[in-house]
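The block underneath contains the structure these notes are about, expressed in structure tokens.
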Amino acid sequence: MSEKVGFVTMGDASGPSGDIPSIGVGVLGYAFMGKAHANGYKKLPYIFWPPAAIPRLVSIAGRSKDAVATAAQRYGFERYTTDWRQLVVDPEIQIFDDSGPNNLHAEPCIAAADAGKHIICEKPLGRTAAESKQMWEVVKKAGVKHTCAFNYRFVPAIRQARQLIEQGALGQIYHFRARYLQEWIADPEFAMVWRLNRDVAGSGALGDLGAHIIDLARFLVGEPRAVNGLTKTFIKERPAESGSARKATVDVDDAFVALVDFENGALGTLEATRFATGRKNMNTFEINGSKGSLSFNLERLNELEVYLTDAGPREARGFTDVLVTESFHPFYKNWWPQGHIIGWEHTFVHEINHLIEAIVHDQPIEPYGATFEDGYRCAVICDAIVQSSENGGARVPISY
């Protein structure tokens with residue numbers, strides 16, 4: 001066994017008995033997303049019962065031995081390693097989960113695909129469209145199941161919005177406008193982190209937040225024909241470390257805005273920033289159509305505002321705040337009695353269950369889950385917005 005691998009003592013970690021198979025999971029990354037994904041794997045078996053397979057948390061990888069050892073014990077992994085390559089070659093792992101920084105998406109995922117592992121990779125898929133396309137081409141050739149972790153597709157209210165649009169309830173779509181607003185780097189003294197470094201992150205608010213609303217635009221409205229975009233970096237230098245007088249250069253965007261011309265004739269606006277003081281995680285969109293409108297806010301994720309022009313007498317019409325928690329709403333039959341809300345973390349349970357069912361039953365990830373192709377297409381749009389900004393906001397056609 002490699003010296004880079006450690007074991008955690010935590011009782012019986014063998015696979016489940018009975019007719020339900022287990023599926024081995026290896027996760028790269030133990031911080032924010034590693035924690036969110038691990039929580040999803042652990043909750044899945046008792047929410048989606050009987051599951052297609054019970055996740056077995058085999059190993060977790062991270063660069064700091066002490067931190068990854070602690071994460072393994074905390075999250076319930078059998079062992080840990082400081083070398084992600086150990087996950088790729090481990091015969092007990094069938095799913096490679098890449099929750100690491102953006103510069104550790106391409107190489108590990110490509111290696112995992114070559115080793116025949118099924119893959120879930122956090123967004124943005126790659127730092128650029130070229131990198132994302134390479135990843136997509138490799139997983140496609142390998143014939144493994146692959147998903148880009150756009151978890152907001154698995155919010156019940158957003159899935160309900162998709163179903164209403166598919167049913168024609170909104171008629172012809174005219175507008176899609178979305179905003180993703182956070183504030184966490186608004187303080188100029190906030191020190192450098194990897195998300196502010198282009199070599200590691202690829203982009204700033206565009207890839208971190210904008211990727212989510214770009215994916216939702218494609219998921220709900222359709223493909224864009226062209227974009228016009230502007231990006232902005234407000235704070236170009238920050239403390240290299242917390243409390244340090246030494247400065248480091250910020251070379252990613254702090255915010256972006258974009259106009260979108262959709263192939264179906266709809267118009268869209270997109271905006272994301274990490275400088276919206278007072279906003280913690282405000283991801284909102286509104287869709288307007290010939291027969292009605294939908295409005296959603298992630299900070300009230302169990303609610304969907306719906307307006308339909310033919311819903312009752314004209315005098316009584318108006319937006320209805322629908323609490324999407326009935327047993328017939330998406331995903332809810334697996335959770336609690338009607339009216340009992342769920343949270344952000346549960347989207348990962350839905351997403352991971354979708355992947356495991358696709359693996360066990362050989363079902364497609366698309367159209368409701370996002371594949372590496374979706375991750376690539378999102379990256380193409382992100383790159384087009386940057387290209388437009390570099391050319392004064394000029395229109396840039398979208399070509400995959």
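Here, each number is a calculation from the coordinates, and none is a lab measurement. On a predicted model such as this, the values are computed, not experimentally measured, just so you know. Quick reminder, even Gly has a Cβ in these numbers, built from the backbone with ideal geometry, and neighbours come from all protein chains shown.
Full extension of the chain segment joining Arg225 with Thr277 gains 15.5 nm, where the gain is 0.36 nm per residue of separation less the Cα-Cα distance.
Couplings for segment 38-52, taken from phi via the Karplus curve 6.51 cos²θ - 1.76 cosθ + 1.60 with θ = phi - 60°, read 4, 4, x, 4, 6, 7, 3, x, 9, 9, 9, 9, x, x, 5 Hz in order; Gly and Pro are left as x.
As a calculated quantity, the FRET efficiency between Asp19 and Ala240 at R0 = 41 Å, using C-beta atoms, amounts to about 0.15. Evaluate E = 1/(1 + (r/R0)^6) for Val89 and Ala316, where r is the Cβ-Cβ distance and R0 equals 56 Å; express this FRET efficiency to the nearest 0.05. The pair Val89/Ala316 has a calculated efficiency of 0.30.
Counting only residues at least eight positions apart within a chain, or on another chain, the lysines with an alpha carbon under 25 Å from that of Lys141 are Lys117, Lys123, Lys133. Residues Leu267, Leu125, Leu259, ranked from the fewest to the most other C-beta atoms within 10 Å, line up as Leu267, Leu259, Leu125. Near Ile342, no amide H atom lies under 5 Å from its own; only residues 5 or more places off or on other chains count, and H is placed 1.01 Å from N.
Counting 0.36 nm for each residue step from Arg395 to Trp49 and taking away their Cα separation leaves a gain of 119.6 nm. For Ala248 and Arg63, the difference between the fully extended length at 0.36 nm per residue and the C-alpha to C-alpha distance is 64.3 nm. Between Thr309 and Trp194, the C-beta separation translates, for a Förster distance of 51 Å, into a calculated FRET efficiency of about 0.60. Here Lys65 is the anchor, and the lysines within straight C-alpha reach of less than 24 Å, apart from those fewer than 8 places off in the same chain, are Lys4, Lys35, Lys42. Computed from phi, the 3J(HN,Hα) profile of segment 206-211 under the Karplus parametrisation 6.51, -1.76, 1.60 (θ = phi - 60°) reads 4, x, 6, 9, x, 4 Hz, with x in place of Gly and Pro.
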